[in-house]
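Heads up: the structure comes next, in structure tokens.
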Amino acid sequence: MPAWHIQTARITAFLAPDSSVSPSIWMDLIGEDSAESVYKKASAAHDDSGPFAEGKLTIQRQPTRIDFRHEPAPGPTPHQFLGSFPDGARPLLELSRRWLSGSAPSIVRMALGLVLVSDEVADVEAGYRELGTLVDGAPTQPGATDFHLQVNLPRDSTHVAGLRINRLSKWSVGGYFEVATGRLAAVTQLVHIHLRAELDVNTNPEFAGPFGQEQAMSVLDELLVAAGEIAERGTKL
Amino acid sequence: MADSSTLTVPEIDSPDVRNETSRLLSTAILWHLVSAATEGARRCFLEPTSATSLTAPAADSSTASPEVSEEFRADLQRLVKAAREQPIEDGMSNPVTKRLQTILARHRSAMVPALVGVLESRQTPPIVAAELLKELGRIRDRVSHPHRLWVLAYALRAASPLTRDGAGLGLARLGDRDALTYLRAAIQREPLDEIREDLRLVADELAALDDDGVPGSRDL
């Protein structure tokens, strides 16, 4: 398995239609005011954000859901990480477990979203060779570009009867064009070439719920296990 | 960090520079703008793609927070406006019955936040909200079913009794026993006798459905 690094982590809880999240959730969980608080009228979304575990946490409340998003602090390049997988996700997971065991409202669906990035590879061809060990169909033709594989392979939950776990993953080889502009011209080169896996492991929306407190915790663990399996073994069709 | 004094910089008017600049300008790309700058140089990180337009495939199982597009918002606003301008009568078609299903089919992923926005908007009269909710229940689409159930159950808490009644009728049409928990809670808190009785009738109807959604026999 590649050495995966977590670029961003997200935990989402979808609320039962007759429940809502306390507006003081940030203070309740973090213990101090958020650094920034924004209301987006178009989506009725409240965003509270601030420093958290050497990165930035955003808690977004909407009528239908709550998202906890953890991302690294900005750096000189976009190639910043929360840490290696799975350790880099621990702060967010611990925060979510505290919320689930405390003041969480009725939840009918849960999701764990991770963007994983591998160590740098020599070039795109080398990236596709390594990707081919994780997914089917990675190109072997020299010069191939723009390969993306997105697939959901659901399975039954081992913790909750009648619950399905969606295992959605999106695979690609990515990099960045570095554009260095001087006074007279621009020079570009592809840098930081890496494998990229976007995971969205979640419970099926058809499950009526709501989850009990213990159930929600065990479901979160199950989502993490499923994400770990995908990171280790890839997605074979 | 790039230092412009160490770069080999071609003449600005050379074919290579023109071609490279033209390629950058003509290709639609994703930008990651980097704040770092050195004297005389700035770096930008762009994800590489040969695409000239970016359309990501929608994934039904994705939980990414959906954006309500301007187009979707405008479609719903036009629908509400058209519905406001026509009488809404039982059994008669109106802009909602004619157009809602098509609009939702085009924007399925963002359906819930968009509909919540419409229901909570002051521009949406209760009679139009009620008609929207009734129509939501009438639509037959497996993929959007849980989302429509959520919106209908959510609307049981609306401030307007007409909207709450519409939500009940929508749930009756949806025919899903999973709504019973929310209906029973709504019945408990409903202050108006007439609405409470309507909701009770819907709950009785749903409770009588069997696992296949078929009304079961009842002892008279």
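The values are calculated or read from the model by the stated rules, or taken from the named source; none is laboratory data. The shown structure was predicted, so the numbers you read here are calculated from the model rather than taken from an experiment. As a convention, Cβ positions derive from the backbone with ideal geometry for all residues, glycine included, and neighbour counts pool all protein chains shown. The protein model used for the area step is the full one, side chains on, heavy atoms only, and it has no ligands, DNA or RNA in it. Shrake-Rupley method; radii C 1.70, N 1.55, O 1.52, S 1.80 Å.
For this structure, a couple of remarks:
- Estimated from helical segments only, the mean residue ellipticity of chain A at 222 nm is -6000 deg cm²/dmol, where each DSSP H run of four or more residues counts as -39500 (n - 2.57).
- Within chain A, longest stretch clear of exposed trypsin sites (Lys or Arg not before Pro) (DSSP loop, no more than 14 other Cβ within 10 Å): A:1-182
- Taking the centroid of alpha carbons for each part, region A:45-97 and region B:87-117 are 36 Å apart.
- Estimated vicinal HN-Hα couplings, Hz - region B:170-180 in sequence order (Karplus 6.51, -1.76, 1.60; Gly, Pro = x): x, 5, 4, 5, 5, x, 10, 5, 4, 6, 4
- Within the same chain, lysines fewer than 8 places from A:Lys40 are excluded, and of the rest, those with a Cα less than 30 Å from its Cα are A:Lys56, A:Lys170, B:Lys81, B:Lys134.
- Under Stokes-Einstein, with the Kirkwood radius over Cα pairs as Rh, the value for region A:58-149 at 20 °C and 1.002 mPa s is 129 µm²/s.
- Exposed-site-free run, longest, chain A (rule: GluC sites (Glu not before Pro); DSSP loop; at most 13 other C-beta within 10 Å): A:55-237
- Portion, in percent, of the accessible area of region B:54-204 that falls on carbon or sulfur, probe 1.4 Å: 50 percent
- Taking amide H positions as modeled 1.01 Å from N, with prolines and chain starts lacking one, the residues under 5 Å from A:His5 and 5 or more places away or on another chain are A:Phe85, A:Val117, A:Ser118.
- Counted charge near A:Gly113, where neighbours are those whose Cβ lies closer than 10 Å (Asp, Glu -1; Lys, Arg +1): -1
- Per residue, chain A exposes 43 Å² of solvent-accessible protein surface, assessed with a 1.4 angstrom probe and all protein chains in place.
- For region B:119-190, the list of trypsin sites (Lys or Arg not before Pro) that fall in a loop by DSSP and count at most 12 other C-beta atoms within 10 angstrom reads B:Arg122, B:Arg140, B:Arg142.
- Where B meets A: accessible area buried, both sides, 1.4 Å probe, Å²: 3800 Å²
- Solvent-accessible area of A:Tyr39 with every protein chain in place, 1.4 Å probe, in Å² to the nearest 10: 120 Å²
- Within region A:100-148, the residues that become at least 50 Å² less accessible when every protein chain is included than when their own chain is isolated (1.4 Å probe; DNA, RNA and ligands ignored) are A:Asp146.
- Shielding by partners for peptide A:192-199, expressed as the average number of C-beta atoms from other protein chains within 10 Å of each residue's C-beta, is 1.
- If the convex hull is drawn through the Cα atoms of region B:121-172, its volume per residue in Å³: 67 Å³
- The portion of the accessible surface of region A:128-218 made up by carbon and sulfur, rounded to a whole percent, is 50 (1.4 Å probe; DNA, RNA and ligands excluded).
- Partner shielding of B:62-71 amounts to 5, given as the average count of beta-carbon atoms from other chains within 10 Å of each residue beta-carbon.
- Long-range amide H partners of A:Phe147 with built H, under 5 Å: A:Val173
- Shown here for region B:67-165: GluC sites (Glu not before Pro) in loop regions (DSSP other than H, G, I, E, B) with at most 15 other Cβ atoms within 10 Å, namely B:Glu67, B:Glu85, B:Glu89.
- Using a Gaussian network model of chain A in which every pair of alpha carbons under 10 angstrom is joined by a spring, one finds that among A:Leu95, A:Leu220, A:Leu184 the greatest mean-square fluctuation is at A:Leu184.
- Karplus-derived 3J(HN,Hα) values for region A:66-73, using 6.51 cos²θ - 1.76 cosθ + 1.60 with θ = phi - 60°, are 10, 10, 9, 10, 10, 9, x, 5 Hz; glycine and proline are entered as x.
- Degrees separating the helix A:213-233 axis from the principal Cα axis of chain A, which is the longest one: 10 degrees
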